[in-house]
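Before any comments, here is the structure.
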Amino acid sequence: MLLSLIGIIALLLHVIGMLAAMHAVMNTRTPQGAFAWVLGLALLPYFTLLPYLFLGRSRFHGYVDLHQARRRQLRSIIAKEHAATDPLLPALARYTAIASMADARFHQGQRLRLLIDGEATFDAIFAAIAEARQCVLMQFFIFHDDQLGRRMQQALLERAAAGVEVYVLYDGIGSHALPKHYVETLRAGGVAIHPFATQQRSNRFQLNFRNHRKIVVIDGWRGFVGGLNVGDEYLGLKPPLAPWRDTHMELQGPAVADLQRSFAEDWHWVTDALPPLLPTRTGDGGASTLIAATGPADAQESCSLLFVSLIHAAQQRLWLTTPYFVPDQAVMSALRLAVFRGVDVRILIPSRPDHYTVFLASGLYAHDAVCAGIRMFRYRPGFVHQKVLLVDHDTTSIGSMNLDSRSFRLNFEITALNVDEDFATEVEAMLEHDFAQTDELNEDSYRKASYLKRLAMHVARLFDPVL
């Protein structure tokens, strides 16, 4: 009797596994990801059905429909205040494909400020919040109820008490450890705060899509974007990853309208309402900036294509730093071609893991890159989390985008693409200081590793569609 029951359950699981495999074939974005899911679901449904419930979907229709309908409407609302009158400068022409893909444009006259590491970043953000008079928009992947998180909570409560409208979004998965009383305290103090969810009806089985964006907009004209979240580890206060190496930036000028627009799209999805869309101020700086917001609702894999386009634009230099080096085939091919063009390609990655599976996969991809002539460096002092790219003498990208499948296809991301020689010189000096504290990899770095470690690297790479 017991054996018969076990047999029936096993048969049922295999039938469900086959149905799930059919769903994976029809809905997984990449052939590699589809093949991995189909193999597991068809042969080992006992182990793969539950993970597929949480991680299997690579797209969703509700947000896609709203995203496409609202994007033009929001752009139209903001465009009434800011007509696109800037002529296209010759230096920007090589990025027209990015502008078209992202449905965005370069804004001229931006004043930019490079913020290196957590202390500089949050000092600038707290100072800007204290000066807010109308509205604060804030979005982070992670909020922690720790020293920095409580300081942020108090700053937002003070502005709300002063009559400033405060709107906060956090990712429900990234901030899974955030206690309810943290959110309830903010709401009781007049702060509008919500978790981002990819379905308007709660779906506890959906963990795949995460809003990884980090955005702060003050009074419609002062914005921040970059790699840091709200937690003590981002100040380098939590060993063993300390010191924490990260980069943010501040921008003032009309490009902040596009940071505001990105926040408004996400806020509307969650609440069916719009936050204030305040006019920006005319910029008095010398930079041109394009805000590129990407995500799984896009018709194309826009994050991956953005990296490919930037790599192809490089003629002399491409310096890149990322915590997770798990490139897809298109990005890896673009990097190889850049080497053949004679471009100085350097990539900075961590020497310490925060996610060990990703770290192992990154090690194997780093070996492949070294064999292709790409210079790879591991940062010694602590964990490097910054997402920075430097192209030639004038172009920088600072934002939330990692070089991995999750950012390419599953996460909502954002970056500021800046064309300005002076700002690029600052970023160059910052990265030169970082590269001076690294160990350069060579082919022996992989070959001298133990067999078991090399095997673990290859096994880890099998999971790169969901890393």
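Every number here is computed from the coordinates shown, using simple stated rules; none is lab data. Computed from a predicted model, the values in this text were never measured in an experiment. When we count neighbours, we look across all protein chains shown, and the Cβ atoms used for this are built from the backbone with ideal geometry, even at glycine.
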In straight Cα distance, which lysines are under 29 Å from Lys180, not counting same-chain residues fewer than 8 positions off?
-> Lys214, Lys238
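How about segment 428-461: which trypsin sites (Lys or Arg not before Pro) there lie in a loop by DSSP and see at most 11 other Cβ atoms within 10 Å? Spell out each step's value before the answer.
Numbers: sites: Arg447, Lys448, Lys453, Arg454, Arg461; in loops: Lys448.
Taking segment 428-461 and a limit of 11 other Cβ atoms within 10 Å, the loop trypsin sites (Lys or Arg not before Pro) found are Lys448.
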For segment 257-265, just list the computed ³J(HN,Hα) in residue order, Karplus coefficients 6.51, -1.76 and 1.60, θ = phi - 60°, integers in Hz, with x standing in for Gly and Pro.
-> 4, 7, 5, 4, 5, 4, 4, 4, 4
Length gain on complete extension for the stretch Asp103 to Val339, per 0.36 nm per residue less the alpha carbon to alpha carbon distance?
-> 82.0 nm
Taking segment 203-276, which chymotrypsin sites (Phe, Trp or Tyr not before Pro) meet the DSSP loop condition and have no more than 15 other C-beta atoms within 10 Å?
-> Phe205
Read phi for every residue in segment 417-428 and hand back ³J(HN,Hα) as whole Hz from Karplus 6.51 cos²θ - 1.76 cosθ + 1.60, θ = phi - 60°, with x for Gly and Pro.
-> 9, 10, 10, 5, 5, 5, 5, 4, 5, 5, 5, 4
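Can you give the extra length, in nm with one decimal, that the chain gains between Val15 and Ala161 once fully stretched, where that is 0.36 nm per residue apart less the Cα-Cα distance? Before the final figure, lay out each step's value.
Numbers: separation 146, 0.36 × 146 = 52.56 nm, distance 5.75 nm.
Length difference between fully extended and current span is 46.8 nm.
Between Ala188 and Tyr356, take the C-beta separation as r, use R0 = 35 Å, and let me know the FRET efficiency to the nearest 0.05.
On the way: r = 40 Å, r/R0 = 1.13.
In this case the efficiency is close to 0.30.
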Starting at the first residue of segment 91-105, write each ³J(HN,Hα) from the Karplus equation 6.51 cos²θ - 1.76 cosθ + 1.60 with θ = phi - 60°, in whole Hz, x for Gly and Pro.
-> 5, 8, 4, 6, 10, 5, 5, 5, 4, 5, 5, 7, 6, 9, 8
How many percent of all Cα-Cα pairs in segment 301-359 sit more than 18 Å apart?
-> 37
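Do any trypsin sites (Lys or Arg not before Pro) in segment 92-187 lie in a loop, going by DSSP, with at most 11 other beta-carbon atoms within 10 Å of their beta carbon, and if so which? Could you put the intermediate results ahead of the total?
On the way: sites: Arg94, Arg105, Arg111, Arg113, Arg133, Arg150, Arg151, Arg159, Lys180, Arg187; in loops: Arg105, Arg133.
Answer by residue number: Arg133.
Can you tell me how much longer the chain between His23 and Ala330 gets when fully stretched, taken as 0.36 nm per residue apart minus their C-alpha distance, in nm with one decimal?
Working: separation 307, 0.36 × 307 = 110.52 nm, distance 2.55 nm.
Result for the pair: 108.0 nm of gain on full extension.
Over its Cα atoms, what ratio of radius of gyration to 2.2 N^0.38 Å does segment 302-466 give? Working shown, then result.
Working: Rg = 14.9 Å, N = 165, 2.2 N^0.38 = 15.3 Å.
For segment 302-466, the normalised Cα radius of gyration is 0.98.
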